[in-house]
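The values are calculated or read from the model by the stated rules, or taken from the named source; none is laboratory data. Keep in mind that what you see is a predicted model, and the values were worked out from it rather than measured. So basically every Cβ, Gly included, is an ideal-geometry build from the backbone, and we count neighbours across all protein chains shown. Accessible surface is based on the protein model in full, side chains and every heavy atom, while ligands, DNA and RNA are left aside. Shrake-Rupley method; radii C 1.70, N 1.55, O 1.52, S 1.80 Å.
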Amino acid sequence: MNNTSKKNDKNIKASAFYMVGNLFNKALAFFTIPIFTRLLTTSEYGIAQTYLSWVSILTLIVGLSLGNSIRTAYVDFHDDIEGYMSSIFGLSLLSFLVSSALIIAGMFIFGNIDIILVICCLIQSYFQFVATAMTTKYMMKVDYIRKTLLLALPNLTIQVIAIFTIMNMHGDKKYFGYIIPYAAVYMVVGIYFVISSFIRGKKPLNKLYWKYALTYSLPLIFHGLSLVLLSSSDRIMITNLYNSSEAGVYSLIYNLSMVAMAVTASLEAVWVPWFTRKLMTGEKSTINKNITKYLEIALVLMLCLMFVAPEIVKIMATKQYYSGIYMIPPLVFASYEMYMYTVYVNVEYYYKSTKYIAFNTIVAAITNIVLNFIFVPLYGGMAACFTTVISYMVSFLMHSKHSRKLDRELFPLKQFAVPTLIFIIAIIIAYLLMEFWIARWIIAIVGFIFYAAYALLTKRFSNFLK
């Protein structure tokens with residue numbers, strides 16, 4: 001077997017493993033929804049989901065977004081990647097200690113927030129950063145077994161413990177039974193990786209690596225925060241501007257709408273290192289040829305999800321959540337917009353244009369917050385769905401414009417026009433058929449079968465992976 005065949009074989013195995021890991025995570029989250037929505041009130045579920053939104057924000061602050069530098073460091077410091085990993089963990093640990101001290105001090109001075117919530121949030125934020133950094137390293141190494149295990153095992157452990165703790169709790173703060181397992185499991189996993197990295201890399205205080213990481217990553221803190229605000233500020237603002245019960249309904253539908261991302265995240269995990277290698281060797285025509293298939297697979301999966309999701313909500317949750325079925329089409333479309341704009345963000349990453357990545361995403365996040373302030377108090381979660389769609393479209397257009405300035409040969413905008421138009425037409429059909437579930441399911445099943453048969457006969461999917 002020649003080197004090319006070996007790489008193709010490894011890519012296919014990696015994609016399969018990533019898909020299994022991501023599908024396992026999504027399936028686990030999906031099948032535990034009816035458990036948590038019955039063990040917790042909509043208000044408690046909303047508080048728990050809002051807590052996870054704050055974790056996403058603090059992860060970027062305490063970790064200084066240093067994990068984003070691993071992509072380029074893997075190329076620039078390939079022979080000493082372990083030393084580089086130990087250095088960013090050393091720097092991030094220092095940031096975590098300082099940030100925690102300031103946040104806790106500020107809480108005592110200005111706030112009246114539950115100290116246990118704050119401590120759990122800080123602990124989970126840092127060690128979740130550590131776990132994410134390790135998955136990025138494994139992705140670049142195409143170490144698909146370890147990456148898949150790191151995706152699946154902590155989440156499985158958390159869900160099992162959370163169910164047990166909630167069932168054995170009493171009172172009106174059962175959300176702690178959901179929150180504490182997250183913090184505890186990530187702390188155990190994160191401590192192991194930090195210590196083992198220090199032992200292997202032996203460079204926790206390397207100034208050269210610190211300067212490199214900070215130069216690359218600091219602008220991405222704002223990018224990361226803006227991304228989190230785009231995906232999480234809706235829940236926070238619904239809780240504060242409307243009510244926590246509405247935030248619980250929105251969170252359930254948002255999580256369901258992201259189920260198709262299990263497959264797309266698997267494809268992206270293989271796409272990013274492949275795209276990097278091809279761009280390094282100047283094979284831009286090959287990249288452009290494959291992006292159509294890359295977009296097409298996600299389009300089919302997300303359209304199928306959109307058409308069948310209302311009944312899934314009715315099966316998985318109580319009647320308190322049924323009002324959320326009308327939120328499904330825009331939120332699924334928002335997840336596809338997210339998938340599309342990462343194509344252009346990968347170009348910006350390659351050319352180390354991190355300041356523009358941050359600027360473009362900040363504008364989109366501000367758009368989302370401003371629109372939420374105007375419309376969420378009036379229309380609740382439904383307004384947040386459409387403000388999310390508008391904000392992600394702003395992000396897509398800005399990233400595409402800058403990416404095209406960096407490299408005009410990559411990803412003509414017209415390649416994204418057709419799938420976007422198809423999705424918009426499908427949303428209109430989904431709303432027209434919202435009360436006719438049989439028609440929606442027939443469209444989804446027949447459409448998927450036709451596409452699967454077409455892909456199988458033309459070997460479209462296997463050729464794409466190779």
Trypsin sites (Lys or Arg not before Pro) lying in DSSP loop within segment 381-454, provided at most 10 other Cβ fall within 10 Å:
R408
For a test of the definition: using alpha carbon positions, the gyration tensor, and the 1.5 limit on a/c, classify segment 223-305 as rounded, prolate or oblate.
prolate
Descending Cα extents along the principal axes, segment 159-234, whole Å
52, 36, 16
Gain on full stretching of the segment that runs from I442 to T286 - 0.36 nm per residue minus C-alpha separation
52.6 nm
Give me the tail of P(r) for the chain as a percent: Cα-Cα pairs with distance above 38 Å.
21 percent
Using a 1.4 Å probe, what is the accessible area per residue for the chain, in Å²?
44 Å²
Quick one: plug the Kirkwood hydrodynamic radius of segment 271-377 (C-alpha pairs) into Stokes-Einstein at 25 °C, 0.890 mPa s, and report D in µm²/s.
146 µm²/s
Global geometry of segment 70-180, whether rounded, prolate or oblate, following the gyration tensor of its Cα atoms and the 1.5 cut on a/c
oblate
What the 10 Å binned alpha carbon P(r) of segment 53-117 shows, as percent of pairs per bin from 0, is 19, 40, 24, 13, 4
Quick one: pull the percent of accessible area on the chain belonging to carbon and sulfur, 1.4 Å probe, ligands and nucleic acids left out.
71 percent
Mind running the shape call on segment 361-466? Use the C-alpha gyration tensor, a ≥ b ≥ c as the square roots of the eigenvalues: rounded below 1.5 for a/c, prolate if a/b tops b/c, oblate otherwise.
oblate
Can you work out the FRET efficiency for the pair A101 and K355, with r the C-beta to C-beta distance and R0 = 35 Å, to the nearest 0.05?
0.75
Environment charge at K147 (Cβ cut-off 9 Å; Lys +1, Arg +1, Asp -1, Glu -1)
+2
Want the number for S196 to K173: 0.36 nm per residue separation, take away the alpha-carbon distance, what's left?
4.7 nm
Mean Cβ count within 10 Å, highest first, over the residues of peptides 99-105, 153-159, 340-346
340-346, 153-159, 99-105
